[in-house]
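Note sheet for the following structure.
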Amino acid sequence: MATDYIGISYNDIKSNIQAAFQEQGDFVSKEITIPGYGRKCCLFFLGSQISWKVIAEVGLNIEKLSGSERFDAAFCSLLAPTLSKTTLFQDEMVMAIFEGNTVVIAEHLSIAFILRTHAPKKRSFAESTTEKVVRGPKLAYIEDLDDNIGLTRQMVNSKNLKVEEHQIKENESIKTLSLLYIKGVADEGIIADITDRLHKIKTTEIQDSGMIEELIEDAPFSPFPQMQSTERPDRVTAALNDGRLVLFVANSPFALILPTTFDMLLQSPDDYYERWIASSFLRLLRYMSLFITVFLSSLYISFVSFHHGLLPTDVAMTIIATREDIPFPPILEVLIMEVTIELLREAGIRLPSPLGQTIGLVGGVIIGQAAVEANIVSSLMVIIVSITTITSFTVPSYSFGLSFRLLRFGAIIISAILGLVGVMFFFLFVLIHLSKLTSFNQPYLSGKFFFYNQKWKQIFLLLSKKRALKKPKGSGA
């Protein structure tokens, strides 16, 4: 319950605030005597969150008050440049200090002053580390929410861009989210749906936007991401102009684009920065890579274990020759190599960059060669696993690529049980799941974004940049 400051003496309020922060090692209580008036004032702040330069200037100016005018008017005028607000309540003072502000009280004044002295710890804008492009803007978002919104406004440059702030409160902890959309382009029903889901979140234990996904997505048990995460402002700008919404989370450099469709996750920003022929070829290559990533290893198991007769004789004889001294069945051979590659990939991510790249490359070559020479796996199996590993890296979205890496193991297991029939059933199962999957009640494989904007013509081929860049008209997307 709020405690009224009026009627409490200067020394009492000073003691109360000091008691509230007695366990905070970075808490500073700085008392200053004002010679011109013969009064005292006290500044309260957390030394780890404030700008010491601003504090020094305020303190110096207070000491210079001459006493030539009324104390309350002179004191208020002095603090005006950095003043955020005034308050009468102790709980507001305590919260303001925790937020990085400075609280000032003075003898014979019935209000406290909250000064803007917060100096957030943040890095400068730099190039994206997770979404590389050969051509296009190089800036990426950082962990500061205001800077991210400012960069987005700069790139969108539209008076219709709306920023809605949402706060998740739990006990005395607050987490801030910002929802961005272009009014008149974004669908009002989707805005209401997303807003409702955000209001239902009850925890503030959110360190990154990825933790929000499972709390608001349609199908938490689906392997496919139903929101697109990105640290690229140009991707966010394109999504906003398409009528989508973007969610920023405080202290996270990744924005969430929603709703999301399957084809979005296979698009790269530089598809639109290069010539349409090259862009179309690369986009087709990504779709082919998805199929290879999921099914190449399982097709190998099916043909070697069940369907020799479907292979040309020369090919079948070559495969038999490479497996002549292999003691393991094809399923175990595949799993040994696939798990080894995944371990190497994970180790490469966790190690420092120069060392991680070396471990991934040298480790893969040495282990593959050693496994072949030891007759643990066939040379053809090493080639197949290498191809599936390479194709999995062609997916622009890391989380989307991870989904297909997981599905590969499902396809491998079912192919060892049912052969090609199992592979076909697995393919149909994934296709049915995708057709039923939704992102904020919008179909994952299509949707009104998809057809309204004529985007279905741009799934595989970018035949017209004018059409690709055309903005949606009217309300809704």
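The values are calculated or read from the model by the stated rules, or taken from the named source; none is laboratory data. Small disclaimer: the values here were computed from a predicted structure and weren't measured. Every residue, glycine as well, gets a Cβ built from its backbone with ideal geometry; the counts of neighbours run over all protein chains shown. The protein model used for the area step is the full one, side chains on, heavy atoms only, and it has no ligands, DNA or RNA in it. Shrake-Rupley method; radii C 1.70, N 1.55, O 1.52, S 1.80 Å.
A few notes on this one:
- Inclusion of PHE113 among residues that are in contact with an Asp or Glu (Cβ under 8 Å, 6 or more places away or on another chain), aromatic (Phe, Trp, Tyr) and over 30 Å from PRO396 (Cβ atoms) is not warranted.
- Within the option set LEU437, LEU402, being open to solvent by less than 20 Å² (accessible area, probe 1.4 Å) and within 31 Å of the chain's Cα centre (by Cα) holds for one residue only, LEU437.
- Selection of the range 210-224 for residues being of a type outside the set (Asp, Glu), in a loop (DSSP other than H, G, I, E, B) and either in contact (Cβ under 8 Å) with a residue 12 or more places away in the chain or surrounded by 15 or more Cβ atoms within 10 Å (Cβ to Cβ) (or both) yields ALA219, SER222, PRO223, PHE224.
- Cβ pairs under 8 Å, 6+ apart, first in the range 80-98 and more than 19 Å from ASP26 (Cα to Cα), second among the charged types (D, E, K, R): THR82/ARG116; LEU83/ARG116; SER84/ARG116; LEU88/ASP4; PHE89/ASP4
- Being among the small types (Gly, Ala, Ser) and in contact with a Ser or Thr (Cβ under 9 Å, 6 or more places away or on another chain) is a description that applies to ALA186.
- Subset of the range 183-209 (residues that are part of a loop (DSSP other than H, G, I, E, B), modelled with pLDDT under 90 and open to solvent by 70 Å² or more (accessible area, probe 1.4 Å)): LYS200, LYS202, GLU205, GLN207
- Count of the range 194-209 residues, restricted to those that are in contact with a helix residue (DSSP H, G or I) (Cβ under 8 Å, 6 or more places away or on another chain) and under 27 Å from ASP263 (Cβ atoms), is 3.
- Every pair of residues 6+ apart whose Cβ atoms lie under 6 Å, when the first sits in the range 191-204 and is in contact (Cβ under 8 Å) with a residue 24 or more places away in the chain and closer than 12 Å to LEU177 by Cα while the second is open to solvent by less than 70 Å² (accessible area, probe 1.4 Å) and acidic (Asp, Glu): THR204/GLU170
- Enumeration of residues in the range 396-443 that are at negative phi, among the polar types (S, T, N, Q) and outside any helix (DSSP H, G or I): SER397, THR438, SER439, GLN442
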